[in-house]
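The values are calculated or read from the model by the stated rules, or taken from the named source; none is laboratory data. None of these values were measured; they are calculated from a predicted model. As a convention, Cβ positions derive from the backbone with ideal geometry for all residues, glycine included, and neighbour counts pool all protein chains shown. Surface areas here come from the heavy atoms of the whole protein model, side chains and all, with no ligands, DNA or RNA. Shrake-Rupley method; radii C 1.70, N 1.55, O 1.52, S 1.80 Å.
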Amino acid sequence: MIVRATEILKAIQKLNSAEKHRLREYLIVALTASSSTGTVLHEISERKNKNGYECPDCESEYIVRFGKYTTIVDGKDVKKQRYRCKACKKTFTDLTNTVLYRTRHLNQWIKFIECMIEGYSLRKSVDLIGNITHVTLFYWRHKLLSSLKQMDISNFEGIVEIDETYFFYSEKGQRKIKDRKPRKRGGSAKKRGISNEQVCVLVARDRDKTTFSEISGMGRLTKDQLDKAIGHRLSNENILCTDAWRAFKTYASEKGMDIYQFKSDGKIRTKGLYHIQNVNNYHRRLKGWIQRFNGVATKYLNNYLAWFQVLESIQHQRNEVTMNDLIIKGNLIENRETYDTLRLAKFTT
Ligand SMILES: [Zn+2]
């Protein structure tokens, strides 16, 4: 039986609001995923090859087209270009060494990105994506995050707010934990009484919202850690706003930078334009968001920090623009991590 569009529209009008809501959800999934996939792959190809083709293996520019390969988009076979390097004879595609490499089910990957933006647990994501294992999803998550982690930020401009925040050291997910009493895992720690078992996360943010957030080491931040982390993004044109920790003061005076420091007792919170409220708010949002994971293994904490940074930059919104943006960003960077390298990684500072 052929149903005409006018009949469908009439039928829609008869739906109650709960049914309309379900229809709307269905249409979003059915229509947006398929329309965006082709565009996304096209854009990855254009941006990746913006300076012409280059071999991912030997960097030769002597490249020829070398047949097509098939990938699956929404259950349908889609042909994509394969290339061959005339110098080393290896073949590659636009997705070689990216997170999407060897992922034949692109529509599943798009659903996975949705789950990432929503911050769903692995278990919930497995249910929503369907036909996928917990292990594969764990691998996708960390492969995407380790790509996002490598994205470079620009230098800081003008006033830079810098502050540290602390997390408990955690070996969550590691089977044998010897000589270690069980305790609250990976939660947030208070600044008072910082020990060398607490993980220091340094966050620096300028007023254009250029943000750096990474583990600086165990225990209190040192001047050398600060310099190693963000020294190359700062110049003596910058004005630092920090808490009262002395490493900041020593650093600023050695580099000839102006600095405004604010004590954590909070009596004087601002001096005109100068304060650390943006970076403190960032910490607060970060800690609130990370709670949903019930503790994060310290060796993956930098991945989660990069993830949160991306979510902040898209304002935690899920729509076609932000989804495509995340898929493209996640696949412009080469990434040779495998399940084993991710799983067996050790935390080092
Ligand atoms: Zn080559």
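Can you run down the residue pairs with Cβ atoms below 9 Å, 6 or more apart or on separate chains, where the first is in region 82-107 and among the aromatic types (Phe, Trp, Tyr) and the partner is modelled with pLDDT of 90 or more and away from the ligand (no atom under 13 Å from the Cβ)?
Qualifying pairs under 9 Å: 83/65; 92/82.
Give me a count of the residues in region 262-275 that are at pLDDT below 95 and open to solvent by less than 50 Å² (accessible area, probe 1.4 Å).
2
If I ask for residues that are over 19 Å from residue 209 (Cα atoms) and open to solvent by 70 Å² or more (accessible area, probe 1.4 Å), which ones from region 237-259 would you list?
246, 249, 253, 254, 255, 258
For region 262-282, name all the residues that are part of a loop (DSSP other than H, G, I, E, B) and either touching a Lys or Arg at 6+ places or on another chain (Cβ under 7 Å) or under 14 Å from residue 160 (Cα atoms) (or both).
Within region 262-282, 264, 273, 276 meet the criteria.
Against the condition over 25 Å from the mean Cα position of the chain (by Cα) and of a type in the set (A, V, I, L, M, F, W, C), how does residue 204 come out, does it pass?
no
Among the residues of region 276-287, are any open to solvent by 10 Å² or more (accessible area, probe 1.4 Å), under 23 Å from residue 118 (Cβ atoms) and among the aromatic types (Phe, Trp, Tyr)?
no
Select the helices (runs of 4 or more DSSP H) contained entirely in region 287-349, then report the ones holding at least 2 residues which are at pLDDT below 80.
Helices (runs of 4 or more DSSP H) meeting the threshold: 320-332, 339-343.
Return the residues of region 149-173 that are on the phi < 0 side of the Ramachandran plot, modelled with pLDDT of 85 or more and either open to solvent by 40 Å² or more (accessible area, probe 1.4 Å) or assigned to a loop (DSSP other than H, G, I, E, B) (or both); say none if nothing qualifies.
Selection gives 155, 156, 157, 168, 169, 170, 171.
Pick from region 296-316 the residues that are within 17 Å of residue 116 (Cα to Cα) and either touching a Gly at 6+ places or on another chain (Cβ under 7 Å) or without any contact (Cβ under 8 Å) to a residue 24 or more places away in the chain (or both): which of them is surrounded by the fewest Cβ atoms within 10 Å (Cβ to Cβ)?
By that ranking, first place goes to 315.
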